[in-house]
1. Between residues in segment 49-60 that are more than 16 Å from K24 (Cα to Cα) and residues that are away from the ligand (no atom under 13 Å from the Cβ) and open to solvent by 50 Å² or more (accessible area, probe 1.4 Å), which pairs lie under 7 Å by C-beta distance while being six or more apart or on different chains?
2. Enumerate the pairs (first residue in segment 22-39 and farther than 18 Å from G52 by Cα; second residue anywhere and open to solvent by 90 Å² or more (accessible area, probe 1.4 Å)) with beta-carbon separation below 9 Å, excluding pairs fewer than 6 apart on the same chain, so at least 6 apart or on different chains.
3. When you look at G32, is it within 16 Å of the ligand (Cβ to nearest atom) and either more than 21 Å from K70 (Cβ to Cβ) or open to solvent by less than 80 Å² (accessible area, probe 1.4 Å) (or both), yes or no?
4. When residues of segment 40-59 are filtered for being surrounded by 12 or more Cβ atoms within 10 Å (Cβ to Cβ) and either of a type in the set (D, E, K, R) or assigned to a loop (DSSP other than H, G, I, E, B) (or both), how many remain?
5. What number of residues in segment 60-71 are more than 9 Å from the ligand (Cβ to nearest atom) and open to solvent by 100 Å² or more (accessible area, probe 1.4 Å)?
Amino acid sequence: MAKKKGSSNKKGKRAHKNNPTSKKYALYTIEGNSIKKKSKHCPRCGPGVFLGGGQSRLHCGRCHYTEFMKA
Ligand SMILES: [Zn+2]
């Protein structure tokens, strides 16, 4: 078996990949002198950790807190 070149090889150095940033800044909007937040924060993790949206629930990617919205 010949060794494959590239990122498929798990051992050793891997090629650097430019991943997209979290774009947390897009969730904030500045109005006058106050900063407004567009989505909810996680009650467990506190401010700065946003809840991600599902179809009918809000989920925290950090502590896996989930909030279910009423149908
Ligand atoms: Zn959390």
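1. S56/F68; S56/M69; S56/A71; R57/F68; R57/M69
2. I30/K36
3. Working: within 16 Å of the ligand (Cβ to nearest atom): no; either more than 21 Å from K70 (Cβ to Cβ) or open to solvent by less than 80 Å² (accessible area, probe 1.4 Å) (or both): yes.
So G32 fails the test.
4. 5
5. First, the residues of segment 60-71 that are more than 9 Å from the ligand (Cβ to nearest atom): 66-71.
Next, from what is left, pick out any that are open to solvent by 100 Å² or more (accessible area, probe 1.4 Å): 68-71.
Looking only at that region, the number is 4.
The values are calculated or read from the model by the stated rules, or taken from the named source; none is laboratory data. No experiment lies behind these values; they were computed from the predicted model shown. Glycine gets a Cβ as well: all are built from the backbone with ideal geometry, and neighbour counts include every protein chain shown. Surface areas here come from the heavy atoms of the whole protein model, side chains and all, with no ligands, DNA or RNA. Shrake-Rupley method; radii C 1.70, N 1.55, O 1.52, S 1.80 Å.
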